[in-house]
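Accompanying notes for the structure given below.
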């Protein structure tokens, strides 16, 4: 049933909240209780559940409502953000160099799908145009190398094995030499499965780490062990510094949320998750995307974009000043910087309810987006008088500003030109509709 239990309970709690006729303290408390039940069923630690509950309740009751946003949307966003924070906010990235050899040593508990995960990772890397090979150094489990070859038989990914040799260090060193001579750049090492309490096998991990010096140690963990994942991550990290984690069986474990949260608390980085049995069912872990699926929020990006746009809205007095073209050079650049934080100019500006703004040429928007860093430096290099009145900026001032900002003189001239064009454009625009002015207060 996979992450079904956790996901269905979370969706039920969110659905009940959305269908409520009003949003008050009682409604918020009921939502928080639903979140608590869902997370505890998902094997998330009690302390973490309590922390999330308190954060959601406090933010839902105290945060100011952005213009044009409903209270329900705001609270759903709060729940989403707190869950993403729980799992580690940054999405995993594939940072494997292509111009040199890179060795990944895979470690984990026997029976947790390590060999299958190695095959998935090898296939994933090959699909991403890496030259990849695998070394089978599991000298304990009969058939380990056969399984690896079977999983990769149709992929043309080489598997190095050394039947009869019992020393994993010898196998790995010979395998690295052979695969490197064949032009393989990324080498994955399949080590024997072990338990954190098996000191002999854990010592073997330490020896391999010391002798082979892999670029990365990746720990494979089964999502089904829930909170115990954190303890295993800690134990393996003490044996050989774990650089990343591959969490398997996320599609079949009801305790996936518990495993994810427990690992996140240790500070270890979850890089990949297994989402099925097929060799191609692997993906880089994205906490935001995972939480969005858990909550059943198909259009979570649309909701987040609403908030980004709301944060860009100005109060009525400021909006009217901009429409009249009454803004300084510094205010002009600041507004562009704020816009860029929320996404591509062409996408965001077209959605701002400013009359005529959709008519700004895409080329102008692209140029502004490219120039924004230079413009910010230019503003910092100006005097207060120059920021307030660009008309006083003559040739000698332009040279001084350009030197101070580390840009060309033409960049300074371009900023002044775009500023004047923007003022001219805004002055010719019609007054803001009253409806819009109400939404931005």
### Query
So how do 159-166, 27-34 stack up, highest first, on mean other-Cβ count within 10 Å?
27-34, 159-166
### Message
Give me the one-decimal Kirkwood hydrodynamic radius in Å for segment 4-88, with the sum taken over alpha-carbon pairs.
### Response
13.0 Å
### Query
When the chain is fully extended, how far beyond the present Cα-Cα distance does residue 410 get from residue 85, taking 0.36 nm per residue of separation?
112.6 nm
### Query
Roughly what would the spin-label model give for residue 71 and residue 394, points 7 Å off Cα along C-beta, in nm?
6.1 nm
### Query
According to a simple spin-label model (label point 7 Å from Cα along Cα-to-Cβ), what is the distance in nm between residue 421 and residue 335?
1.6 nm
### Query
Where does each of 106, 382 land when they are ranked from fewest to most other beta-carbon atoms within 10 angstrom?
382, 106
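Each reported figure results from applying straightforward, stated rules to the coordinates on display, with no laboratory input. These numbers were taken from a predicted model, which means no experiment stands behind them. Heads up, the Cβs are rebuilt from the backbone with ideal geometry, glycines too, and the neighbour counts pull from every protein chain shown.
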